[in-house]
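Below: one structure, written as structure tokens.
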Amino acid sequence: MTKRVDLFALSALPAVLYLLVIYAVPLLMLLTRSVTGAEGLTLAPYTAFLSDAFNWQIIANTLRVAGLVTLTCLVIGYPVAFALSWARGLAQAVLLLSIILPLSVGVVVKAFAWQIVLKRDGVVTAALMATGLFEEPPRLLFTETGLVLGAANVFLPFMILPIYSVAKLVDPRLTEAGATLGATPWKRFARITWPLTLPGVISGIAFTFSLSVSMYVIPSLLIGDRFQTLATLTGRSFLLMRNEALGSATAVLLLALAVAVVVGSTWFARRLGRAA
Amino acid sequence: MTAFLDIAGAEKGFGATRVLGGVDLAVARGEFVSLLGPSGCGKTTLLRIVAGLLRPDRGHVRLDGEDITRRPPHKRDVGVVFQSYALFPHLNVAENVAFGLRAQGTGKAESAAAVDRFLTLVQLGHLADRPVSALSGGQQQRVAVARALAVRPKLLLLDEPFSALDRKLREGMQIELRRLLRELGTTAIFVTHDQEEALTMSDRIAVMHGGAIEHLGTPEEVYSRPATPFALEFVGLSSRLPGRVVESMNGLLMVETPLGRLRAPGSFLPGSPVLLAVRPERIRVGGTGEGNAVLAPLTDVVFQGARVQMHFAGADGLPLLAEVSELPSGHLRPGAELPLHWAVRDMLVYPAPDRAAVA
Ligand SMILES: Nc1ncnc2c1ncn2[C@@H]1O[C@H](COP(=O)(O)OP(=O)(O)O)[C@@H](O)[C@H]1O
Ligand SMILES: [Mg+2]
């Protein structure tokens with residue numbers, strides 16, 4: 001028995017070493033850098049950053065865009081995940097392929113593609129004009145809406161796949177049982193399907209939120225420098241401004257925010273699930 | 001009197017395969033009817049049509065005077081105990097039983113009282129707070145029954161509810177379920193492929209075969225006068241032999257068989273190929289008597305506790321089976337020729353099934 005456990009522990013060693021060298025050590029260096037000033041230990045980079053109202057705007061941008069992207073992915077992705085779990089044979093293969101294949105296209109290529117899609121004479125604008133709801137072509141490229149749409153497209157698979165992996169395990173007899181007990185379709189969803197797929201939803205939210213809170217290339221290409229997030233600011237601090245203290249501080253802040261939101265939403269969702 | 005549940009001409013196919021071919025079934029209020037048939041004969045399909053989980057291609061379902069053919073399941077008042085139980089894994093025992101009441105808007109206190117009552121009825125009051133995954137198969141089965149009954153459905157459908165339980169437990173549950181439904185006055189349709197279960201529990205049995213009901217009757221009727229060779233073969237044991245009618249007079253037949261000429265009740269044209277059968281407990285071994293008599297060598301004696309099965313080899317290798325409560329005296333070595341006889345009225349006669357006619 002003990003021998004088996006030892007072997008298990010041993011088999012995790014390569015991964016632990018790898019993460020330690022590649023991830024934990026640089027992270028520690030970053031953290032150290034963010035609290036080291038000319039005269040030793042200091043919190044100056046943080047206080048300086050947080051005392052500027054403009055920087056609070058950046059934090060708000062970061063959270064709002066990541067939140068909207070996550071929400072968009074959830075609203076679009078949840079039904080798709082179910083379609084995927086209901087589909088059979090060829091239909092399922094095609095659906096699955098069309099979700100996974102785009103992952104092999106680089107994010108830069110996709111962002112450029114979205115530039116084409118969103119531009120003033122692009123297909124989205126044309127479609128919106130065709131609805132007759134708009135007087136003049138709405139501006140999408142270089143707006144937050146365009147950014148959210150583009151980012152949601154890139155991160156959608158990370159919402160769909162975890163929900164799908166849970167949805168396909170939910171026994172369809174359960175909603176049928178709910179129906180024979182007198183539950184309306186909406187109640188069946190709220191009291192059976194949703195709580196049972198919640199673990200998938202939580203992982204999906206954790207994935208898409210952490211990806212979109214820290215995205216760098218997509219905002220750079222779809223909205224430009226006018227719009228700053230913690231991630232783009234971190235990049236600029238290191239690459240353009242050569243301000244390592246600021247860059248390290250914003251990087252640590254970003255990490256803390258992302259972890260807090262992911263852990264918080266997980267906790268909240270579990271509570272909701274238990275209450276339902 | 002119009003029936004409480006009336007299924008008329010229910011048809012259902014999946015793609016090219018026709019699963020139900022025009023089923024008619026009328027069930028009276030408070031009645032317990034079993035659908036008995038082999039796996040794949042369409043029992044579950046028929047049940048799902050009554051529950052509203054499947055729409056029939058043709059036909060009607062009427063319940064308590066209303067046509068519910070197109071009504072969605074949540075508006076039907078028809079409870080279902082699924083073969084796999086389908087308990088909600090994220091809810092505990094009490095929450096599972098409360099589900100239907102809560103979904104229909106019953107207040108907290110009132111549903112708690114009903115949950116208490118039904119958990120007590122199925123003797124699970126002490127497990128109310130357990131997660132359902134912590135229960136044994138038999139306990140899960142009871143939760144499924146309590147959950148379905150707690151909303152007081154007009155009709156309860158049970159799809160092979162005991163098939164996953166071992167024999168001992170199953171027999172106890174059969175009696176318990178029957179008593180519970182009688183106390184509550186619940187009308188029920190019970191699906192099973194186990195003929196003993198159907199015989200023990202039912203007011204009436206519908207023997208199903210290939211998407212049709214072949215015989216609908218009381219257990220007594222289905223056992224003693226099965227309407228078709230299939231029903232005969234599926235319910236209980238019998239010895240069967242092919243024959244050809246040589247004489248037909250006043251509802252009495254003389255049939256030429258490999259065992260010689262046998263007499264049987266019925267009216268067929270002379271020359272018709274028929275299938276004859278007799279139940280094992282109707283055959284008397286040894287002695288003499290009225291009716292049909294043959295002499296056959298004993299091949300085997302199987303002691304079964306209360307009863308003893310005696311196997312004989314008829315002519316042409318046709319097996320004959322007799323069941324007696326005590327062994328006749330005399331030498332009973334295999335090979336011993338013994339006289340067998342049975343009453344004419346105990347002889348069952350059917351038009352020969354196609355394959356026998358060819359042979
Ligand atoms: N959804 C379905 N699609 C295709 N064939 C089905 C479906 N449901 C049942 N069948 C077929 O219908 C026949 C009867 O099934 P069922 O009603 O489940 O039989 P039983 O419950 O008597 O075992 C079977 O041959 C089965 O394969
Ligand atoms: Mg079945």
Relative to the longest principal axis of the C-alpha atoms of chain B, give the angle of the C-alpha long axis of helix B:108-121, reported between 0 and 90° and rounded to the nearest 10°. 30
Whole angstrom only: what separates the Cα centroid of the range B:1-50 from the Cα centroid of the range A:127-189? 39
If we restrict to alpha carbons, what Rg and Dmax does chain B come to, in Å? 24.6, 75
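Just to confirm the filter: which trypsin sites (Lys or Arg not before Pro) across the range B:1-42 are DSSP coil and have at most 16 other Cβ within 10 angstrom of their Cβ? Working shown, then result.
Values: sites: B:K12, B:R18, B:R29; in loops: B:R29.
Taking the range B:1-42 and a limit of 16 other Cβ atoms within 10 Å, the loop trypsin sites (Lys or Arg not before Pro) found are B:R29.
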Can you give the charge dipole size of the range B:237-353 about its Cα centre, rounded to the nearest 20 debye, using +1 on the beta carbon of Lys and Arg and -1 on the beta carbon of Asp and Glu? 140
Treat each spin label as a single point 7 Å out from the Cα along the C-beta direction, and report the A:A256 to A:A60 distance in nm. 2.0
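Run the helix sum for chain B: -39,500 (n - 2.57) per DSSP H stretch of 4+ residues, divided by residue count, reported at 222 nm to the nearest 500 deg cm²/dmol. Please list the in-between numbers first.
On the way: 9 runs with 90 residues, N = 359.
Mean residue ellipticity at 222 nm (helix-derived): -7500 deg cm²/dmol.
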What's the carbon and sulfur percent of chain A's accessible surface, probe 1.4 angstrom, rounded to a whole number? 73
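Can you classify the range B:237-353 as rounded, prolate or oblate using the Cα gyration tensor, where a ≥ b ≥ c are the square roots of its eigenvalues, rounded means a/c under 1.5, and otherwise it's prolate if a/b beats b/c and oblate if not? Show your work: numbers first, answer last.
Details: a/c = 2.14, a/b = 2.00, b/c = 1.07.
Prolate, because a/c is 1.5 or more and a/b exceeds b/c.
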Report relative contact order for chain B in percent, whole number only (criteria: Cα-Cα under 8 Å, sequence separation at least 6). 15
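So which trypsin sites (Lys or Arg not before Pro) in the range A:97-203 pass both tests, a DSSP loop state and at most 12 other Cβ atoms within 10 Å of the Cβ? Don't skip to the answer; put the middle values down first.
Values: sites: A:K110, A:K119, A:R120, A:R139, A:K168, A:R173, A:K187, A:R188, A:R191; in loops: A:K119, A:R120, A:R139, A:K168.
Loop-located and lightly packed - A:R120.
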Accessible solvent surface per residue of the range A:139-276, calculated while the other protein chains remain in place, 1.4 angstrom probe, Å²: 44
What would the Debye equation give as log₁₀ I(q)/I(0) for the range B:1-111 at q = 0.14, 0.17, 0.18 Å⁻¹, counting only Cα atoms as equal point scatterers? -0.69, -0.94, -1.01
Given chain A, longest segment not containing exposed loop GluC sites (Glu not before Pro) (DSSP; at most 12 other Cβ within 10 Å): A:136-276
Rg [Å, one decimal], Dmax [Å, integer] - the range A:26-150, C-alpha atoms: 21.5, 66
Overall form of the range B:87-161 per C-alpha gyration tensor (a/c, 1.5; a/b vs b/c): oblate
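Just counting partner chain Cβ atoms within 10 Å, what average do the residues of peptide A:142-148 show around their Cβ?
Details: counts 0, 0, 0, 0, 0, 0, 0.
The per-residue average across the peptide is 0.
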To the nearest 20 debye, what charge dipole does chain B have about its Cα centre, counting +1 at the Cβ of each Lys and Arg and -1 at the Cβ of each Asp and Glu? 820
For the range A:165-179, residues shielded by at least 20 square angstrom of accessible area compared with the chain on its own, probe 1.4 Å: A:R173, A:L174, A:E176, A:A177, A:A179
Using every Cα-Cα pair within the protein assembly as shown, state what percent have a distance larger than 37 Å. 59
Ignoring ligands, DNA and RNA, what percent of the accessible area of the range B:143-270 is carbon or sulfur (1.4 Å)? 52
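Write down the Å³ per residue value for the convex hull defined by the alpha carbon atoms of the range A:52-275. Could the numbers behind the result be given before it?
Details: hull volume 36.3 nm³, N = 224.
Considering the Cα atoms of the range A:52-275, their hull volume per residue is 162 Å³.
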Computed over the Cα atoms of the range B:155-195, the Rg and Dmax in Å are 10.4, 28
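Rounded to the nearest 100 Å², what is the buried accessible area between A and B, both sides summed, probe 1.4 Å? Mind showing how you got there, number by number?
Numbers: alone 16480 and 17380 Å², together 32090 Å².
Interface area, both chains combined: 1800 Å², rounded to the nearest 100.
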Given the options B:T106, B:C41, B:F14, identify the residue whose Cα lies farthest towards the positive end of the charge dipole of the range B:5-233 (+1 on Cβ of Lys, Arg; -1 on Cβ of Asp, Glu). B:T106
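If you roll a 1.4 Å probe over the heavy atoms of the protein chains, what accessible area per residue do you get for chain B, in Å²?
Value returned for chain B: 46 Å² of accessible area per residue.
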Per 0.36 nm of contour for each residue apart, how much would the distance between A:L43 and A:N243 grow if the chain were fully extended, relative to their Cα-Cα spacing? 70.5 nm
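Looking only at other chains, what is the average number of their beta-carbon atoms within 10 angstrom of each beta-carbon in B:46-58? Mind showing how you got there, number by number?
Values: counts 0, 0, 1, 0, 0, 3, 3, 5, 1, 0, 0, 0, 0.
Partner-chain Cβ atoms within 10 Å, mean over residues of B:46-58: 1.
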So for chain B: antiparallel DSSP bridges make up what percent, rounded to the nearest 5? 75
Within the range B:224-291, report the GluC sites (Glu not before Pro) that DSSP leaves as loop and that have at most 16 other Cβ atoms within 10 Å. B:E290
Helix by helix, which DSSP H runs in chain A go 24 Å or more along their axis at the Cα atoms and have an average Kyte-Doolittle hydropathy of 1.0 or more? A:53-86, A:144-167, A:194-213, A:244-275
Given the C-alpha centroids of the range B:216-284 and the range B:131-195, what is the distance between them in whole angstrom? 37
Need the per-residue list for the range B:87-128: every residue with at least 50 Å² less accessible surface in the complex of protein chains than in the chain by itself, probe 1.4 Å, sorted by number. B:F88, B:H90, B:F99, B:A103
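The values are calculated or read from the model by the stated rules, or taken from the named source; none is laboratory data. Not measured: the values here are computed from a predicted model. Using ideal geometry, Cβ is built from the backbone for each residue, glycine included, and neighbour counts are taken over all protein chains shown. All accessible areas refer to the heavy atoms of the entire protein, side chains included, with ligands and DNA or RNA removed. Shrake-Rupley method; radii C 1.70, N 1.55, O 1.52, S 1.80 Å.
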